[in-house]
Amino acid sequence: MSTRREFLQDTGYGALAAFTGLSGETASGPVAISPSDLDSDIGTLYPFVKSQVIAGEFPLSFLQTEFADVGAWKRVARGKLLDLLHYSPPACDPKAETVERIDRGEYVQEKVYFNTTPDVRVPAFVLVPKEARLPAPGIVALHDHGGFYLWGKEKLVELEGEHPVLTDFKREYYAGRSVASDLARAGYVVVVIDMFYWGERRMVLADDPADWRERPRSLTKERIDAFNRRSGEGEQLVGRTLFSAGLTWAGVMFWDDVRTVDYLLTRPEVDPRRIGCVGLSVGAVRSAHLAALDDRIRAAVVVCWMTSFPPQLKRRVRNTIGHTKLVPGLYRHLDYPDVASLAMPTPLLVINGGKDALFEPSGVRASFEKLAACYKKAGVPERLRTRLYDTPHEFNAEMQAEAWSWLATNLRTP
């Protein structure tokens, strides 16, 4: 059987009429079509999608000439983003409860539950350094997606008797480090929650076996892989169910993170003037949006998730935009670097991997250029650093060193 590319080459561009049903147009309407347009993940539908992409500057980008004052622009652009999340939980008392406290030598590890809405209670680890001068700077550490759902917050924290599959995951994506624990040793009060659908908040079905419910250390790699596979397949249904209920997964995710800042600031050990955030992959999406939505963030690190989205549409949506990150209609108003620039004037470090197959290289370059232009227009170019490492999708030791230096510089004692 020939491939799609071979089919197009063998039959010739003139056979497009038979392929689309209409000569010179797709089933969605008349558009300009070229053979290269059809070499996409959505085939004959791509030309229509391409024709709908915003031409020129995005309407609510800070680079539009109508926007001069950062504060005024943020009220408009942030307001649009918040509207499109279709989720706006009321503020609430966290009602935090500490259920476990373990001395880890240089820091104390607490297991805490607190409310992010009046009805939603989330599990968290809070790491409190023992030798730091208090109140200390605080960090919201944000875990990744990774197609690995059985654990969430544990991806970033050292645990006794850690499952070897989790250890292998950290070795692949975090250079074998538990980055939240490293930050606690460096003198930060660190909080890490389970994201909706991960860890203790994972999807458990009525007939699931005991090992998936209880996560014993005896759980085999095969059983862990099976759970992660099932969870990956379930994202579509969960996302559609959330949309049908009138909200977005992204809204739940981002507001949980904002409410985590609310909780962190109730801790007497934390200096409210020195709050940072950091995350890899979907953790980077969360870090960028937390800095964009919450002015209490004073330094942010975004690792392996920055691009301009028009170049992504041809072949890169498959693994970059799932229901967890979809904000319907956002890219009619703001590109992703426009969203990240809502953090201004907060210092922002953006790290991408040059070998990261999730992103179209031209989109990464465009996003770095736009972020630089936005920070320059805002008068704070020195508060942005973008860096492309010759690496795949990971948060390696060299990247971590740069990230920790960035946080230390920008969260030092005022």
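Within the stretch 241-250, the residues that satisfy the criterion of being over 13 Å from MET195 (Cβ atoms) and in a helix (DSSP H, G or I) are THR241, LEU242, PHE243, SER244. Residues that are within 15 Å of the chain's Cα centre (by Cα) and among the charged types (D, E, K, R) were ranked within the stretch 136-154; the one that is surrounded by the fewest Cβ atoms within 10 Å (Cβ to Cβ) is LYS153. Of the residues making up the stretch 256-291, those that are of a type in the set (Ser, Thr, Tyr) and either touching a strand residue (DSSP E or B) at 6+ places or on another chain (Cβ under 8 Å) or crowded, with 24+ Cβ neighbours inside 10 Å (or both) are THR260, TYR263, SER281, SER287.
Of all the criteria given as (1) in contact (Cβ under 8 Å) with a residue 12 or more places away in the chain; (2) part of a helix (DSSP H, G or I), the one not satisfied by ASN319 is (2).
How about the stretch 33-44: which of its residues are assigned to a loop (DSSP other than H, G, I, E, B) and over 27 Å from the mean Cα position of the chain (by Cα)?
Residues of the stretch 33-44 assigned to a loop (DSSP other than H, G, I, E, B): 33-34, 39-42.
ILE33, SER34, ASP39 - these are the residues of the stretch 33-44 that are assigned to a loop (DSSP other than H, G, I, E, B) and over 27 Å from the mean Cα position of the chain (by Cα).
The residues on offer are THR413, THR409, THR386, and the sole one that is of a type in the set (Ser, Thr, Tyr) and at pLDDT below 95 is THR413.
Do we have PRO47 as outside any loop (DSSP other than H, G, I, E, B) and at pLDDT below 95 here? Here the answer is yes, as PRO47 does meet what is asked.
Only one of these is out of contact with any helix residue (DSSP H, G or I) (no Cβ under 7 Å at 6 or more places or on another chain) and closer than 19 Å to ARG365 by Cα: VAL301, VAL261, VAL285. Name it.
Numbers: VAL301 fails: out of contact with any helix residue (DSSP H, G or I) (no Cβ under 7 Å at 6 or more places or on another chain); VAL261 fails: closer than 19 Å to ARG365 by Cα.
Selected residue: VAL285, the only one of VAL301, VAL261, VAL285 that is out of contact with any helix residue (DSSP H, G or I) (no Cβ under 7 Å at 6 or more places or on another chain) and closer than 19 Å to ARG365 by Cα.
The numbered conditions (1) touching a helix residue (DSSP H, G or I) at 6+ places or on another chain (Cβ under 6 Å); (2) crowded, with 22+ Cβ neighbours inside 10 Å; (3) assigned to a helix (DSSP H, G or I) are all true for PRO311 except (2).
Of the residues that sit in the stretch 342-355 and are out of contact with any strand residue (DSSP E or B) (no Cβ under 8 Å at 6 or more places or on another chain) and of a type outside the set (A, V, I, L, M), which one is surrounded by the most Cβ atoms within 10 Å (Cβ to Cβ)? Lay out the reasoning, then the answer.
Initial filter on the stretch 342-355 (out of contact with any strand residue (DSSP E or B) (no Cβ under 8 Å at 6 or more places or on another chain)): 342, 344-345, 355.
If we keep only those that are of a type outside the set (A, V, I, L, M) as well, we get 345, 355.
Details: PRO345: 15, LYS355: 13.
So the residue we want is PRO345.
What pairs can you find where one residue is in the stretch 115-138 and not assigned by TED's automatic domain parsing to the domain that holds GLY199, the other is part of a strand (DSSP E or B) and at pLDDT 95 or above, and their Cβ atoms are less than 7 Å apart, with a gap of 6+ or different chains? Nothing qualifies. What do you reckon, is ASP295 in a strand (DSSP E or B) and surrounded by fewer than 22 Cβ atoms within 10 Å (Cβ to Cβ)? No, not satisfied.
Pairs are defined by a Cβ separation below 9 Å, a sequence spacing of at least 6 or placement on different chains, a first member in the stretch 75-99 that is charged (D, E, K, R), and a second member that is part of a helix (DSSP H, G or I); the pairs so defined are ARG78/ALA292; ARG78/LEU293; ARG78/LEU342; LYS80/LEU330.
Out of curiosity, is GLY105 out of contact with any Pro (no Cβ under 8 Å at 6 or more places or on another chain), assigned by TED's automatic domain parsing to the domain that holds GLN236 and surrounded by fewer than 17 Cβ atoms within 10 Å (Cβ to Cβ)? It would help to see each step written out before you state the result.
Working: out of contact with any Pro (no Cβ under 8 Å at 6 or more places or on another chain): yes; assigned by TED's automatic domain parsing to the domain that holds GLN236: yes; surrounded by fewer than 17 Cβ atoms within 10 Å (Cβ to Cβ): yes.
Answer is yes for this residue.
The listed residues are LEU84, LEU63, and the only one of them that is outside any helix (DSSP H, G or I), not assigned by TED's automatic domain parsing to the domain that holds LEU371 and not charged (D, E, K, R) turns out to be LEU63.
The values are calculated or read from the model by the stated rules, or taken from the named source; none is laboratory data. Because the structure is a prediction, the values reported are computed rather than measured. Neighbour counts are summed over all protein chains in view; Cβ atoms, including those assigned to glycine, are modelled from backbone coordinates with ideal geometry.
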